[in-house]
Amino acid sequence: MIQINIDVMLAKRKMSVTSLTEKVGITMANLSLLKNGHVKAIRLSTLSAICAALKCQPGDILEYVEDSNDEK
């Protein structure tokens, strides 16, 4: 599964969720869904805007975590 670490980057950059939503141009509700991993997809343009706002790379936000249910 893919874990989304926006909270970690927000803390590192000392940025609020509100500030990020304003810079990225998405709603608080959509950012909340994304932060909590309740989305199945993310547009590359949205990911790019988040990375630009947080001055980070996609790998700083997205992390693959092996699911115990994954087949090997």
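So the values come out like this:
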{"quantity": "Residues that are surrounded by 11 or more Cβ atoms within 10 Å (Cβ to Cβ) and out of contact with any Asp or Glu (no Cβ under 7 Å at 6 or more places or on another chain), drawn from the range 3-12", "calculated": "Ile4, Ile6, Asp7, Val8, Leu10, Lys12"}
{"quantity": "The one condition in (1) modelled with pLDDT of 95 or more; (2) exposed (fewer than 14 other Cβ atoms within 10 Å of the Cβ) that Asn69 fails to fulfil", "calculated": "(1)"}
{"quantity": "Any hit, the range 11-33, residues being closer than 24 Å to Glu66 by Cβ and among the hydrophobic types (A, V, I, L, M, F, W, C)", "calculated": "yes"}
{"quantity": "Pick from the range 13-58, criterion in contact (Cβ under 8 Å) with a residue 40 or more places away in the chain and in a helix (DSSP H, G or I), ranking: surrounded by the most Cβ atoms within 10 Å (Cβ to Cβ)", "calculated": "Ile50"}
{"quantity": "Hits in the range 2-12 - residues which are over 10 Å from the mean Cα position of the chain (by Cα) and either among the β-branched types (Val, Ile, Thr) or in a loop (DSSP other than H, G, I, E, B) (or both)", "calculated": "Ile2"}
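The values are calculated or read from the model by the stated rules, or taken from the named source; none is laboratory data. If you're wondering where the values come from, they're calculated on a predicted model, not measured in any experiment. Backbone-built Cβ (ideal geometry, glycine too); neighbour counts: all protein chains shown.
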